[in-house]
Amino acid sequence: MDNSDRLLKSEHVAEMLLLPTKTIRNGGAGTKEIPRVKLGRLVRFSEKAVLDWIQSKLGEDAREKAQARLKIATLLAEKRKHRASLQKTLTSILNGAKYEK
C-alpha cells in the first residue's frame, strides 16, 4: 500500500460495487477475495486493492465471454459441416443413390 492509498470502510466499498454493506462485510458475491486491513476491531479496505479487484473481475468476464464466443463459433462451424454433409447425402438419395450408413 503506497502513501496515496486510502483505507475505505465497508460502506464505501459497498457504494463502489453497488452491493449491500452486509455483503461486503460477509465476503459475499466474491468480495472475500478483496484484501482487508484489520486495525484492532476495525476492518478497512485499500482503495487500490478494491480497484485492482474490480479490474481483475472485468478481465475475467472478458476472458469468459471470449471463451463462450469461441465455443459458439466452433459449434456453428460443426453445424454447418454436418448440414453440408446431410445436404450431400439427401441430394444423392434424391438423385437415385442408395443410402448407406
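Derivation of every value follows stated rules applied to the coordinates shown; laboratory data play no part. Predicted model, so just to flag it, every value in this text is computed and none were measured. When we count neighbours, we look across all protein chains shown, and the Cβ atoms used for this are built from the backbone with ideal geometry, even at glycine.
Tabulated values for the structure
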| item | result |
| --- | --- |
| Any pair with Cβ under 7 angstrom, 6 or more apart, that starts in the range 31-59 at a residue that is in contact (Cβ under 8 Å) with a residue 12 or more places away in the chain and ends at one that is of a type in the set (V, I, T) and in a helix (DSSP H, G or I) | T31/T23; T31/I24; I34/V50; F45/V13; V50/V13 |
| Scope the range 20-73; condition touching a strand residue (DSSP E or B) at 6+ places or on another chain (Cβ under 6 Å) and among the acidic types (D, E); matching residues | E47 |
| Tabulated pairs, the range 80-96, first surrounded by 10 or more Cβ atoms within 10 Å (Cβ to Cβ), second of a type outside the set (V, I, T), C-beta under 6 angstrom, 6+ apart or interchain | I93/Y99 |
